[in-house]
Amino acid sequence: MLNLLMGEKLAIVSPKVQTTRHRIKGILTEKDYQIIFSDTPGIIEPKYKLHEKMMRAVKNSLEDADLALLLADVNENWEESDEIFSSLKLNVPAIVVINKIDTASQEKIKEAISFFENKPYSKKIVTISALSGINKKKFLKTILEFLPEGEKFYSEDEITDLSTKFFVGELIREKIYELFEQEIPYHTAVIVQEFKEKLTLIKIRVEIIVHRETQKGIILGEGGKMIKKLGTAARQEIEKFLEQKVFLELFVKVKPNWRENDLQLKEYGY
């Protein structure tokens with residue numbers, strides 16, 4: 001959704017749940033307006049300290065927002081979404097955004113609208129497809145109806161407040177979600193240790209942190225096959241993002257229980 005609204009790839013995408021771990025700001029500046037979008041982790045019951053920090057990012061985003069966009073999948077359980085939206089106890093107006101309408105019948109879409117339209121948190125409902133872009137202009141127009149007038153916070157050429165290094169790490173994490181199954185993506189952190197711009201390319205050195213030796217073995221693969229595959233896929237994506245040639249080095253380190261360690265979480269940017 002953030003990528004659609006921005007017209008740029010700022011958030012990594014995966015069919016697996018809990019892909020987003022940080023709050024990512026997208027700054028959209030046009031002639032008459034500037035909108036700052038905060039893409040947050042999905043709302044979950046925290047099981048360890050990493051989850052707690054992710055939920056803090058959600059709370060902080062809601063506290064300084066003028067408007068909440070509550071995303072509901074037209075094909076999933078609306079009762080569950082309603083329960084989560086109600087539990088937020090919002091102090092700002094909210095638009096319920098019914099997504100993936102390109103995969104549902106008109107009847108199903110009408111049912112979803114009918115379900116959400118009288119909820120106390122719902123000031124307006126928008127239907128959209130983040131994948132195909134259906135109703136994007138209408139969605140932006142609806143958002144602007146709720147935003148206050150004021151000065152711009154950011155200059156016109158800024159599209160985010162996060163560093164290039166952050167997005168490089170995220171693109172590698174996206175490829176981990178693509179290539180590995182079960183617990184591997186959720187037990188992994190990606191740290192960009194070196195980012196050096198040379199004359200003809202950018203040299204990037206990255207550490208992939210895992211919980212256990214067995215997970216390190218899975219990421220390396222037999223004869224280093226999987227780490228090579230990951231490196232190639234990530235490098236191609238990073239080169240597309242940076243529009244420059246990249247030399248990428250990947251190393252895998254084992255740090256048991258890093259998701260519960262405050263010092264390590266801070267070191268890894270959480």
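The values are calculated or read from the model by the stated rules, or taken from the named source; none is laboratory data. Please read all numbers here as calculations on a predicted model, not as lab measurements. Virtual Cβ from ideal backbone geometry, glycine too; neighbours counted across all protein chains shown. Keep in mind that these areas ignore ligands, DNA and RNA; they rest on the heavy atoms of the full protein, side chains included. Shrake-Rupley method; radii C 1.70, N 1.55, O 1.52, S 1.80 Å.
Answer with yes or no whether L70 is out of contact with any Gly (no Cβ under 9 Å at 6 or more places or on another chain) and over 21 Å from K141 (Cβ atoms). So that I can check it myself, show each step before the final result.
Working: out of contact with any Gly (no Cβ under 9 Å at 6 or more places or on another chain): yes; over 21 Å from K141 (Cβ atoms): no.
So L70 does not fit the description; no.
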>> Would you confirm whether or not segment 131-150 contains a residue that is under 21 Å from the mean Cα position of the chain (by Cα), of a type in the set (S, T, Y) and either buried (at least 19 other Cβ atoms within 10 Å of the Cβ) or farther than 27 Å from R21 by Cα (or both)?
In response: no
>> F167 - would you say it is touching a residue at least 60 places away in the same chain (Cβ under 8 Å) and farther than 21 Å from P256 by Cα?
In response: yes
> In the set E183, E213, which member is closer than 21 Å to N257 by Cβ, open to solvent by 20 Å² or more (accessible area, probe 1.4 Å) and either at pLDDT 95 or above or among the aliphatic types (A, V, I, L, M) (or both)?
Replying inline: E213
>> Please go through segment 88-108 and give me each residue that is without any contact (Cβ under 8 Å) to a residue 24 or more places away in the chain and of a type in the set (G, A, S), ordered by number.
In response: S105
>> Which residue is surrounded by the most Cβ atoms within 10 Å (Cβ to Cβ), if the candidates are limited to segment 189-203 and must be of a type in the set (A, V, I, L, M) and within 22 Å of the chain's Cα centre (by Cα)?
In response: A189
> Could you list, in sequence order, the residues of segment 107-123 that are among the charged types (D, E, K, R) and surrounded by 15 or more Cβ atoms within 10 Å (Cβ to Cβ)?
Replying inline: K119, K123
>> Looking at the structure I just gave you, is K119 charged (D, E, K, R) and in a strand (DSSP E or B)?
In response: no
>> Any residue in segment 109-125 that is touching a residue at least 40 places away in the same chain (Cβ under 8 Å) sitting within a Cβ distance under 9 Å of a residue that is open to solvent by 50 Å² or more (accessible area, probe 1.4 Å) and part of a loop (DSSP other than H, G, I, E, B)? List the pairs, counting only those 6 or more apart or interchain.
In response: Y121/K89
> What residue, among those in segment 240-270 that are assigned to a helix (DSSP H, G or I) and open to solvent by 90 Å² or more (accessible area, probe 1.4 Å), is modelled with the lowest pLDDT?
Replying inline: E267
>> Every residue in segment 165-191 that is in contact with an Asp or Glu (Cβ under 6 Å, 6 or more places away or on another chain) and of a type in the set (G, A, S), please.
In response: none
